[in-house]
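Here is the structure we will look at, set down as structure tokens.
Read-outs: derived from the displayed coordinates by stated rules, not from any lab. On a predicted model such as this, the values are computed, not experimentally measured, just so you know. Cβ sites come from the backbone with ideal geometry, for glycine too, and all protein chains shown count toward neighbours.
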Amino acid sequence: MEYKDIDEILKSSLSPAETPPAELNHRVLAKMQEKQPRGWRNRGRLAVACAIICALLIPTSIYAAGRLLSPKEAAFEAGDDKLGDAFEKTGEGVYQTITDGAYKATYLGYVNGAALSERIGSAHELNPERTYVAVAIERTDGTEIQYTDNLFVSPLIQGLQPWKYNIASMHGGYVSSLVDGVLYRIIECDSIEMFSNKQLYLIVSDTSFYSVDAYQYDEATGLITVNPAYPGTNILFPIELDPSKADAEKAAAYISRFEEEWNKPAEGTSAENTQPDKAADGATGEAADPIPRETLYTDEKNGIQISIKNDDLNGWYNGWWSDDSSSGTTFSYHFAVEGDNVESLTYSLNKGQFCYWPKAADPALRKFYGNKYTVAYDEQEGIDYHYSINVDALASDYGYDEAYLKNPMNQDEDAFHQLLYDILEKEIESMVAKLEIKMKDGSILEKELSFNNLIDEGAFLVEISLK
Amino acid sequence: MSKDELNQLIIDYGKEVYSFCCNLTGNRPEADDLYQDTLLKAVELCHRLDSSGNPKSFLMGISVRLWQNHRKKYAVRQNIVKWEELDGELMQGGEGSHLQPEEEALRKERRHLVRRVVKGLPDKLQLVLYLYYTAEMSVEDIGRALHIPKGTVKSRLHKGRKLVKELLEVQDYGI
């Protein structure tokens, strides 16, 4: 039998031939009408109601947004149906919009609670109660916003220093999606519901982290306001939670734990020293813990903090994308450095290169930046700072037979995937990221990070840990 | 999404979606459920449907996701209504209406056999074959719908065809 024949046989045997019964189609249409009033129509009414309330209570730059996705839809977009259902069932729609500078941000709504999301991580074990806030952000010049736009979205709490208590330190994270030129970002962090008797805020700024230039904190009252002199975007919304949910005891315990964690002396002054047990883990063959959402390495002597952020965008691909026999992955981990006396930063890789990995998850859309780049400390926030690390391993470099690799269609798919994955693991284990921190006094500090690949063989997932 | 828009979606893609659901589930009650769930989910996500630029791929992607999420439910139903029992009444269309009775009988027998063979393949191979031959999607669109590389789609298609060929030969299909 020729392949052409089997193709014809499958075509004729499996081709679409079944028309849905008219009765079934009528049923679908009827069910659609049943569902509509709770969904789209309600949203329209809510939007109108919000428009009236907002027009009365808040400045004219804040108004209702009727054409945007609801928090539920934004969660669906982000692939988190469970969270979408939570927004619908127990969340609150807000729909307030503020335009400032280059951006227009709409606070869509929020939901509080435990086990609301399909996304789980170590932060959920530490603090199961989470706050989720959905925000829509657009550019004001009419161009389409990109994932690469530098934006910081975070809740803040009256009386707690905002540079210290924000999404980055409160075990936070976010998911984003781009729909029709609007960036939808759903942020999450430890629940702020216990502080609901205080003034709570949601900020959106054109910065990578919390910026003391963009917002002002009154030490006496604990109130936070925008800095009117800030030239960029520094938006601030009030978050109004149910005051009856305030829990002073719980809040005090949270702050105590937070401070303890914050003030805990660093276990070392470099990345290599911060995880002393890793060598033992490696020796016994046990997997090391993956890098958490945000891990801070503190060099107290030089007043430097290095952050490594995991954006959960890691993806493995194999060479069949490009019809060659390579194996690669893009780690969406990126580095950030804070330190008063830092002049510039130079990042380099012995293997692979830095790249931008768009959330569309299409490897063809990656942009590559080579294996080294230098940035002035003050310009960190002004560049496309969302770097990932891309690694490609060629199977032929690891001694695999060319003839076998050139004809993957004739091989067992699973075995071939495993082979490519094994190659990738070797490549990752020999990869070193080097960071040179040039200080204002001319001295240079060096940090090196090397990685393990934690393999989930079933799903071919890539998760890295520090060696 | 308005009622008219949903109706248009049904006119444009209903047949392919329903046929795909029939193949995937192997029985009419579940095909009906999956088809209904797919369209209602599409209504819920209509903002995305508009911007997807490829409504058919979007609908198939929903079907696959629903199917994968509710396998247990389907498995229970599978025990109640056997696929084989319904095969005779499913997928009666195709090119055969002008054929002689003997040829028509042969065609039906072949369809039945091929469908049984495909149904016996591993899930991941079945899915790609149905998306390619029943939903008539391109390799690229299948990759997007299943979130797998294009090369993997090609590989699964290749492997699926190869296995179907071998299994048909074993059963003395004799081409």
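Between rounded, prolate and oblate, where does segment A:80-222 land on the alpha carbon gyration tensor, with a ≥ b ≥ c its root eigenvalues, rounded for a/c under 1.5, else prolate if a/b exceeds b/c?
Working: a/c = 1.65, a/b = 1.06, b/c = 1.55.
Since a/c reaches 1.5 but b/c is at least a/b, the shape of segment A:80-222 is classed as oblate.
Given a Förster radius of 22 Å and the C-beta distance between A:ASP378 and A:THR221 as r, what FRET efficiency does 1/(1 + (r/R0)^6) yield to the nearest 0.05?
On the way: r = 31 Å, r/R0 = 1.40.
Using R0 = 22 Å, I get an efficiency of 0.10.
What the Cβ-Cβ distance of A:LYS31 and A:GLU92 gives, at R0 = 35 Å and to the nearest 0.05, is a FRET efficiency of 0.80.
Can you tally the net charge around B:ILE148? Count Lys and Arg as +1, Asp and Glu as -1, for every other residue whose Cβ sits under 10 Å from the Cβ of B:ILE148. Please list the in-between numbers first.
On the way: positive: B:LYS124, B:ARG144, B:LYS150, B:ARG156; negative: none.
Computed value for this residue: +4.
With Cβ to Cβ distances under 10 Å as the rule, what net charge do the other residues near A:VAL342 carry (K, R +1; D, E -1)? All intermediate terms of the calculation are to be shown ahead of the outcome.
On the way: positive: A:LYS438, A:LYS440; negative: A:GLU338, A:ASP340, A:GLU343, A:ASP378.
Its environment carries a net charge of -2.
Averaged across B:111-117, how many Cβ atoms of other chains sit within 10 Å of each residue's Cβ atom? Spell out each step's value before the answer.
Numbers: counts 6, 1, 2, 6, 3, 0, 3.
That average works out to 3.
Could you give the length gained by full extension between A:ASP149 and A:GLU448, i.e. 0.36 nm per residue of separation minus their alpha carbon distance, to one decimal place? Mind showing how you got there, number by number?
Details: separation 299, 0.36 × 299 = 107.64 nm, distance 2.84 nm.
Working it through step by step, the gained length comes to 104.8 nm.
Using the Cβ-Cβ distance between A:ALA115 and B:LYS124 with R0 set to 35 Å, the FRET efficiency works out to roughly 0.70. Any of A:LYS11/B:LYS159; A:LYS31/B:LYS56; A:LYS11/B:LYS3; A:LYS164/A:LYS301 with alpha carbons more than 24 Å apart? Name them for me. In this structure, A:LYS11/B:LYS3 lie more than 24 Å apart at Cα.
Distance between the modelled labels on A:ARG67 and A:VAL432, one decimal in nanometres: 5.4 nm (7 Å Cα→Cβ projection). Calculated over segment B:97-175, the projected area of the Cα convex hull averaged across directions stands at 5.9 nm².
Per residue of B:13-19, how many C-beta atoms from partner chains lie within 10 Å of its own C-beta, taken as a mean? It would help to have the intermediate numbers written out before the result.
Details: counts 1, 7, 5, 3, 2, 8, 7.
So the per-residue partner count for this stretch is 5.
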